[in-house]
Amino acid sequence: MEKKVGILTMYYNSVNYGGLLQAYALCKALNCTGIVKSEQIQYSDKRFKYKLIGYVRSCQYKLKNAKLYFKYGLAFSNKNKKRKKKIFEFATKYIPHTKKVFNKKSITMTNELFESFICGSDQVWCSRDGRYYLDFVQAKNKYAYACSTGKMTYNQHEKELFERHLQDFQAISVREKDLSSYLTDILNKEVECVLDPTLLLEKEQWDTVCAERIIKENYVFCYFLGSDVNHRKLATEYAKNKGLKLVTLPHLQQKINKSDIGFGDYQLFEIDPKDFISLIKNAECVLTDSFHASVFSCIYEKKFFVFERTDHKGMSSRISTLVDLFGCYNQFCDDNEKLSFDYMASTEICYNKEKYKKAHEESMLFIKKQILGECIDEK
């Protein structure tokens, strides 16, 4: 009989393409072994206090951008609802998950459903919610796979949070080398650096999920989470000079982004994670400030350039780790000299997958030895 494993990441109600694809990938990688049956734990951490804070901030943003919402608000709301609906349908159909949605109190009930627990991947440790550190688990095996904090420096409170919650884990792995070194030092136990779950699956496995080609013309795919206007100007210049259509997914942060207004020849809304993969796979070039858009560019060996998010400097470490993994260092435009059409037009991409292959073997070994090995021993 397969051993049941519960995975806790930011899965429930997520509309983040990369977040959902890593949730899918970890379940797929584990379940393909036939040793365990894993599924995502639907966990809602949105208590009334945080719902109220979110509502107030949303109102403040809309008031600050009243002209935008007066002109585009209704159209944006309708299109965004359709986007969310399609994304939720993907999550329901493709990602194994608990039928029940648990909250901060009821999540202790999952101890009756699962024999082992995994937290991760994604930025689960950017939260101070102890549930994302599996503090609700009672006398069960606890593991962390490819967890991330989304930052590079930590204060005393965060240090104490790690020390308090992570000591009783059977095995811990993270996504960034900097975090691996930091936790190894403060916990006095080995914390391995492993691949993001999306990189555990081969290209052929992703092809079984990938949607049919969406745009028939040759195009540049732009996937920007940040609001940097200069990145968009550069993308427009690149597409125009290369004679390519510009395909974008606007307003990805669930609010109207002024810099996305009028950006792109094709502005797509009704796109799910399957379509997201397809848009990358079939692009002539990908321009992004996203980690997972960069990951799938590497999986499909596309020409791509990734920009540093001006509003989120914490992603630099994981992007640096990724481009080092595939030997495509020049694709990370992390200084002003690289933020030009001339640089992008003259830079050829050459993938070296030796480091990736080694990292893939080591990551699968971590899963087999630490997580699956425990399950085999207990059978």
| message | What figure, in Å² to the nearest 10, do you get for the accessible area of C32 with a 1.4 Å probe and non-protein molecules left out? | response | 80
| When the helices in the chain are scored as -39500 (n - 2.57) per DSSP H run of 4 or longer and the sum is shared across all residues, what 222 nm value do you end up with, to the nearest 500 deg cm²/dmol? | -13000 deg cm²/dmol
| Going by alpha carbons, how many degrees (0 to 90, nearest 10) lie between the helix axis of 48-64 and the longest principal axis of the chain? | 10
| task | Given the options S297, S180, S346, state which has the largest fluctuation in a GNM of the chain using a 10 Å cut-off (strictly under) for Cα springs. | result | S346
| Full extension from N352 to S106: what is 0.36 nm times the residue separation minus their Cα-Cα distance, to one decimal in nm? | 83.8 nm
| request: Any chance you could check the Cα centroid distance between the stretch 266-290 and the stretch 117-173 for me, in angstrom? | output: 31
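May I ask you to give the percent of accessible area on the chain that is carbon plus sulfur, with a probe radius of 1.4 Å? Walk me through the numbers on the way to the answer.
Working: 8790 of 18010 Å².
On the chain, the fraction of accessible area on carbon and sulfur atoms equals 49 percent.
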| note | Note: Q254 to N218 extended length (0.36 nm per residue) minus current alpha-carbon separation gives 10.1 nm
| task | With r as the distance between the Cβ atoms of E160 and E204 and R0 = 45 Å, compute the FRET efficiency 1/(1 + (r/R0)^6) and round to 0.05. | result | 0.50
| message | Between N13 and K369, what is 0.36 nm times their sequence separation minus the Cα-Cα distance? Round to one decimal in nm. | response | 125.0 nm
| query | For K64 and E2, FRET efficiency with R0 = 45 Å and r from the beta-carbon atoms, rounded to 0.05? | reply | 0.30
| task | Calculate, for the chain, the solvent-accessible area per residue in square angstrom, rolling a 1.4 angstrom probe over the heavy atoms of the protein chains. | result | 48
| Among (i) 25.3; (ii) 20.9; (iii) 19.0, the entry that matches mean projected area of the Cα convex hull in nm² as calculated here | (iii)
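The values are calculated or read from the model by the stated rules, or taken from the named source; none is laboratory data. Please read all numbers here as calculations on a predicted model, not as lab measurements. Cβ atoms come from the backbone with ideal geometry, glycine included; neighbour counts cover every protein chain shown. Quick note on the areas: whole protein, heavy atoms, side chains included, nothing else; ligands and nucleic acids left out. Shrake-Rupley method; radii C 1.70, N 1.55, O 1.52, S 1.80 Å.
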